[in-house]
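Rule-based calculations on the coordinates, nothing more; no lab input. The structure displayed is predicted, hence computed values, not measured ones. Note that each Cβ is placed from the backbone with ideal geometry, even for glycine, and that neighbours are counted across all protein chains shown.
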């Protein structure tokens, strides 16, 4: 069969078109989203993009040793996220969704005002000198947590586990502690406490 120049030219054009299309597709294809993507967004303080990507993210988010000290992450969605050995010193997480979040590390002098922390696991975390005013901590695990000089004004702590927690010099003005577990908690010099001291004493809490 004789070679037809016209047919060859057409085939060449088609092949060129397919090649160009492939590279255009590769360039326009959005980058793969990974846990590292979320880590970088946290470090950049890009709350909007972080929350947008989480809407379509079906996997778990676990971060080890991440340093977000001093960051303003107001309004971020960290629900069900796990942080291990993290540094959140002086972080701002006001009005954020931290439901079911698991955290270990440093949260000292942080701002968690009006944050949603229901069912969060913050056991053995350092939260001293932090602002938790107006936050919802119902059903949360704060056992053996350092909560020295924390502002709990207007905080919901109903059914929270505060057993063994250091609550000295903390402010409980207007807080709700219905059925909270204060077994062996240290409440010395805590002020504006609701009328729960008798029950707390029965469970071994240390009070003035």
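Take the Cβ-Cβ distance between residue 69 and residue 206 as r, set R0 to 25 Å, and report the resulting FRET efficiency rounded to the nearest 0.05.
That pair, residue 69 with residue 206, gives E of 0.20.
If you line up the Cα atoms of segment 73-158 on their principal axes, what length do they span on each, largest first, in Å?
Here the spans come out as 29, 25, 23 Å, largest first.
Residues in segment 72-97, backbone N under 16 Å from the label point at residue 52 (7 Å along the Cα-to-beta-carbon vector): list them, ranges by number please.
Within reach of a label on residue 52: 76-77.
Please state, as a whole number in µm²/s, the translational diffusion coefficient that the Stokes-Einstein equation yields for segment 60-208 at 4 °C and 1.567 mPa s, with Rh defined as the Kirkwood radius across alpha carbon pairs.
88
So for segment 60-208, averaging the separation of alpha carbon pairs under 8 Å that are six or more residues apart and normalising by length, what relative contact order in percent results?
The normalised contact order for segment 60-208 reaches 13 percent.
Roughly how compact is segment 124-167, stated as its Cα Rg over 2.2 N^0.38 Å to two decimals?
Numbers: Rg = 9.3 Å, N = 44, 2.2 N^0.38 = 9.3 Å.
So the Cα radius of gyration is 1.01 times the expected 2.2 N^0.38 Å.
Can you list the residues of segment 141-160 with backbone N under 12 Å from a point 7 Å past the Cα of residue 189, pointing along Cα to Cβ?
148-150
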